[in-house]
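Here's the structure we're looking at; comments come further down.
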Amino acid sequence: MNTKTLQRQYDKLTPVERVRLILEAVKRGDESERAALQLTAPRSVYQLSHHHAITEALQLVAHAYLIAQLDRALAVATLAHGAADENAAYRAARIGAYAFCAQADAWRAFCGELGIAPGLALLGFDNARGSLEFNEKIAREFAYTFEETRAEMIKDFGESVDVITSERALNDLRTVFNDLVNKWR
């Protein structure tokens with residue numbers, strides 16, 4: 001079956017089949033196939049509530065934040081476990097703890113700007129939220145300061161090192177959130 005004959009069958013694809021074929025086309029780097037699959041998809045018209053874009057964007061940003069923070073917590077715990085004082089793993093764990101705290105501060109500020117309690121934005125993830133709260137208490141005691149983090153990172157990466165700050169992390173959250181909101185509008 002040639003490509004044109006196959007494309008004439010696109011309107012018979014189920015949504016799951018279409019998504020699978022789109023992903024396979026992306027993996028192959030076949031932009032024309034991906035575009036053809038998307039352009040030939042049947043269209044549906046929906047009416048959404050006026051807050052839909054914000055709800056969707058907040059959920060996606062909250063999930064990404066939660067996953068990234070849990071990953072940071074695991075990395076810090078893994079590095080700290082069994083590390084000797086002041087060895088590379090110990091220093092990396094303290095740098096990771098600093099990054100964890102900077103991101104937590106950014107999340108609180110971001111939620112504050114929206115007038116939403118940080119925990120409320122993570123509703124439904126009680127166990128994970130509890131884990132983050134527990135890890136943050138430990139990280140706050142263990143983390144390097146910004147200055148200490150920068151000094152340690154300069155040792156490995158040189159003067160041009162770019163250390164995350166809560167302000168930059170907050171700006172990143174705003175940017176991703178606004179981009180997602182604008183996609184829905």
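Modelled with pLDDT under 95 and farther than 24 Å from ASN182 by Cα, is that true of PHE157? When the stated conditions are applied, PHE157 passes them. Cβ separations smaller than 7 Å between residues 6+ apart or across chains give no pair from region 150-176 residues that are free of Cβ contacts under 8 Å to residues at least 12 places away in the same chain and surrounded by 15 or more Cβ atoms within 10 Å (Cβ to Cβ) to residues that are part of a loop (DSSP other than H, G, I, E, B) and among the polar types (S, T, N, Q).
Let's see how each residue does on (1) assigned to a helix (DSSP H, G or I); (2) at pLDDT 95 or above; (3) hydrophobic (A, V, I, L, M, F, W, C):
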| position | (1), (2), (3) |
| --- | --- |
| ALA68 | yes, yes, yes |
| GLY82 | no, no, no |
| ALA102 | yes, yes, yes |
| ASP105 | yes, yes, no |
| PHE177 | yes, yes, yes |
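With respect to ARG28, is the statement that it is among the charged types (D, E, K, R), free of Cβ contacts under 8 Å to residues at least 40 places away in the same chain and outside the structural domain of ALA139 (by TED's automatic domain parsing) true? Yes.
Selection of first residues in region 81-109 that are not assigned by TED's automatic domain parsing to the domain that holds MET153 and surrounded by 14 or more Cβ atoms within 10 Å (Cβ to Cβ) and of second residues that are modelled with pLDDT of 95 or more and not in a helix (DSSP H, G or I), restricted to Cβ pairs under 7 Å at least 6 apart or on distinct chains, gives an empty result. Scan region 31-57 for residues that are in contact with a Phe, Trp or Tyr (Cβ under 7 Å, 6 or more places away or on another chain) and touching a residue at least 40 places away in the same chain (Cβ under 8 Å) and the total you get is 4. Taking region 146-164 as the range and being within 24 Å of the chain's Cα centre (by Cα) and either of a type in the set (Val, Ile, Thr) or closer than 29 Å to THR55 by Cα (or both) as the test, the residues that pass are THR149, VAL161, VAL163, ILE164.
The values are calculated or read from the model by the stated rules, or taken from the named source; none is laboratory data. Since the structure is predicted, the reported quantities are computational estimates derived from the model, not experimental observations. All Cβ positions, even for glycine, are placed from backbone atoms using ideal geometry, and neighbour counts span all protein chains on display.
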